[in-house]
1. Antiparallel as a % of all DSSP beta bridges within the chain, to the nearest 5?
2. Among residues other than residue 47 whose Cβ falls under 13 Å from its Cβ, what is the net charge (Lys/Arg +1, Asp/Glu -1)?
3. Please find the FRET efficiency linking residue 4 to residue 190, where r is the Cβ-Cβ separation and R0 is fixed at 30 Å, and quote it to the nearest 0.05.
4. Explain nothing, just the number: dipole magnitude of the chain about its Cα centre with +1 on each Lys and Arg Cβ and -1 on each Asp and Glu Cβ, in debye rounded to the nearest 20.
5. Mind listing which trypsin sites (Lys or Arg not before Pro) in segment 291-343 are in a DSSP loop and have 15 or fewer other Cβ atoms within 10 Å?
6. Out of every Cα-Cα pair in segment 189-272, what percent are more than 21 Å apart?
7. Looking only at segment 215-406, where both bridge partners belong to it, what percent of the DSSP beta bridges are antiparallel (to the nearest 5)?
8. Using the alpha carbon gyration tensor of the chain, what are the three equivalent-ellipsoid semi-axes (square root of 5 times each eigenvalue), largest first, in whole Å?
Amino acid sequence: NPYAGLVSHLRAAWLSGKTRPMEYRVAQLEALGRFLDEKKQDILEATALDMGKPSFEAYFTEILLCKNELNNTLNNLSHWMKDEHVDKNLVTQLDSVFIRKDPYGVVLIIAPWNYPIHLFLVPLIGAIAAGNCVIIKPSETAKNTERLVAEMLSCYLDNDCFAVVTAGVQETTRLLENKFDYIFYTGSPSVGRIVMAAAAKHLTPVTLELGGKNPCYVSDTCDVQNVARRVAWGRFFNAGQTCVAPDYVLCSVEMQEKLMPALREAITEFFGSNPQESPDFGRIVGDKQFRRIRALLCSGRVAIGGQTDEKERYIAPTVLADVLPSDPAMQEEIFGPILPIVVVANMDEAIDFINARPRPLAIYAFSCDCKVVNQVLERTSSGGFCGNDTLMHVTLTSLPFGGIGNSGLGMYHGKFTFDTFTHHRGCLHRNMGLEALNALRYPPYSQQKLGLLTATFEIKRKGTCTLL
């Protein structure tokens with residue numbers, strides 16, 4: 001296997017204990033901070049070359065949010081690393097009982113192309129903080145960013161413990177044949193299944209950050225202009241290539257009629273009368289992706305946008321009206337600047353529509369009535385939820401980010417990333433003396449011993465009483 005030597009090299013470094021001291025972890029994290037600071041312009045240029053990413057969007061997602069994760073981790077690492085002391089029973093009162101935060105070992109992070117810095121760096125921050133050695137596999141689709149990461153990251157991190165592998169599909173398949181102690185994958189559900197199958201051969205735990213069709217319910221009672229701006233921003237940010245973007249709108253036919261002019265106004269406000277000329281609207285990452293998205297334009301009727309330019313890989317911010325559940329745009333995650341609107345009679349029908357489909361990465365609900373938003377929250381299931389806005393829940397390091405069912409497995413961001421890459425090791429350290437206290441559990445057994453054992457080990461429910 002072409003990667004066996006690299007994995008062995010990192011495993012030897014991990015077994016040496018090099019990554020365990022807090023000082024080492026902090027030094028590597030601070031080096032990542034320098035990478036972001038010193039290579040800021042290179043990152044902005046690479047993401048612009050790969051997908052026309054506006055520098056505002058690139059700075060916000062690829063640099064600012066990553067620095068937030070980094071600083072939050074550095075601010076809290078000493079606390080997160082400490083042994084966690086837990087409750088004892090009567091028998092262990094004189095003993096030490098705690099949870100040790102151990103690193104897994106050698107972990108693999110496979111990143112996607114849509115946020116090519118953010119989606120490898122945020123998991124990497126947690127993996128380093130937890131004391132692991134890491135192999136990073138950036139996406140080969142975002143070629144310029146892949147080259148930047150491969151050439152520059154090794155100048156900042158310890159090459160004995162951290163490595164970047166550039167690989168296509170065949171090479172990644174070979175990479176996955178190796179035994180890792182944890183695998184963190186971000187991408188499509190179809191590839192997620194391949195990663196999980198490869199991990200199963202070694203009983204390797206995984207986090208799968210996948211996608212799905214994120215529904216956005218808009219009730220009849222809402223501020224239409226605000227809804228249009230917030231939905232248009234979330235859908236057309238990064239030219240729609242965002243795993244948590246609102247994938248389709250569910251609303252009544254009356255709301256569809258109100259939303260259409262408001263969405264048209266919002267798109268013009270954001271990108272001008274010709275979005276193709278706007279410096280604030282990106283491009284589709286590749287020809288294959290462009291052709292796939294363009295084919296979805298036949299769904300429903302094009303109410304706004306619809307223009308395409310294959311040479312530029314440009315697809316205009318597009319809204320499709322009167323889309324049917326059987327239309328092509330409703331059969332797969334769009335992952336592009338197209339927003340279908342599906343008409344439903346009311347909230348109950350919208351909730352039934354959502355629940356009849358695989359559980360998404362995010363659900364959005366808009367209403368001036370808090371009860372409506374809460375009903376959607378309580379009666380559905382998804383990785384995350386955001387009421388009266390889109391995408392913003394992902395910006396908080398205090399909230400876990402991850403999917404459920406078809407949209408993923410596991411979670412990260414902030415302390416949740418540290419916990420994901422940490423083995424929580426239950427530990428009991430007993431006194432060598434006081435052997436008489438152990439006599440109750442040793443044979444020969446008796447009813448008297450069982451009664452005393454029950455009294456010392458039993459956990460009773462609080463707040464209950466027995467009526468005599």
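The values are calculated or read from the model by the stated rules, or taken from the named source; none is laboratory data. This is a predicted model, so every value here is computed, not measured. FYI the Cβ positions are ideal-geometry reconstructions off the backbone, even for glycines, and counts take in every protein chain you see. Protein only, heavy atoms only, side chains kept; ligands, DNA and RNA dropped before computing areas. Shrake-Rupley method; radii C 1.70, N 1.55, O 1.52, S 1.80 Å.
1. Antiparallel bridges: around 35 percent, rounded to the nearest 5.
2. It works out to a net charge of 0.
3. FRET efficiency, residue 4 to residue 190: 0.65.
4. It comes to approximately 1540 debye.
5. Sites meeting the loop and neighbour criteria: 311.
6. Tail of the P(r) past 21 Å holds 46 percent of the pairs.
7. Close to 25 percent.
8. 45, 31, 19
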